[in-house]
Amino acid sequence: MESNLETGSVAEFLERFNRFFDSVIEAINIHYDENARWPNVNIAIQCQDQNAGGEWVNLVLKLSEVTQFQVSEGKTSYRVLSDGLVLRKYEAGWGVGIDEEQGNASDAANFLKHPFCFFASSVAWEVSALPA
């Protein structure tokens with residue numbers, strides 16, 4: 001079942017999935033629709049779900065109307081989220097990133113200076129069991 005992320009539920013969401021520490025990005029899919037101005041992005045992550053007794057699950061973050069994004073890897077890989085995931089609500093939308101410093105960015109412009117970031121109008125998520 002898909003759920004929308006709301007400003008007041010971010011802390012609870014991150015806590016449920018252990019702030020995504022040591023989670024693994026499985027895929028990033030960018031969907032361009034000829035009728036939409038901005039693409040949608042799905043980020044598939046394997047993570048631990050405290051609501052499932054700490055079991056590993058698949059979670060898909062569904063970012064709508066992504067106006068800016070950057071995934072730039074150099075000597076560092078972002079596949080394993082060693083430092084967890086950052087979700088920050090700004091006046092114009094949601095920032096999604098993986099750098100703790102990003103979470104302290106006072107505005108979206110500074111948030112988007114980091115090498116792994118997405119800026120979207122909304123964020124939804126859906127959990128499913130790992131295949132047996």
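What is the stretch 3-129's relative contact order, in percent, from Cα pairs under 8 angstrom and six or more apart in sequence? If you can, show how the numbers build up before the last one.
Working: 273 pairs, mean separation 35.4, N = 127.
Once normalised by length, the contact order is 28 percent.
Which value does Rg/Rh take for the stretch 1-102 over its C-alpha atoms, Rh per Kirkwood? Show your work: numbers first, answer last.
Values: Rg = 13.9 Å, Rh = 14.6 Å.
Ratio of gyration radius to Kirkwood radius for the stretch 1-102: 0.95.
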- [ ] Tell me what the chain gives for mean residue ellipticity at 222 nm when only DSSP H runs of n ≥ 4 count, each as -39,500 (n - 2.57), the sum divided by the residue total, rounded to 500 deg cm²/dmol.
- [x] -2000 deg cm²/dmol
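So, with +1 on the Cβ of K and R and -1 on the Cβ of D and E, and no other charges, what is the size of the charge dipole of the stretch 3-129 about its Cα centre, to the nearest 20 debye? Numbers along the way, then the final one.
On the way: 9 positive and 18 negative charges, 38 e Å.
Taking the Cα centre of the stretch 3-129 as origin, the dipole is about 180 debye.
Between E34 and S121, what FRET efficiency follows from the Cβ-Cβ distance if R0 is 22 Å, with the result rounded to 0.05? Walk me through the numbers on the way to the answer.
Details: r = 19 Å, r/R0 = 0.85.
Using R0 = 22 Å, I get an efficiency of 0.75.
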- [ ] Per residue, how big is the convex hull around the C-alpha atoms of the stretch 17-66? Give it to me in cubic angstrom, could you?
- [x] 73
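Here, each number is a calculation from the coordinates, and none is a lab measurement. Keep in mind the model is a prediction, meaning the values are calculated, not measured. When we count neighbours, we look across all protein chains shown, and the Cβ atoms used for this are built from the backbone with ideal geometry, even at glycine.
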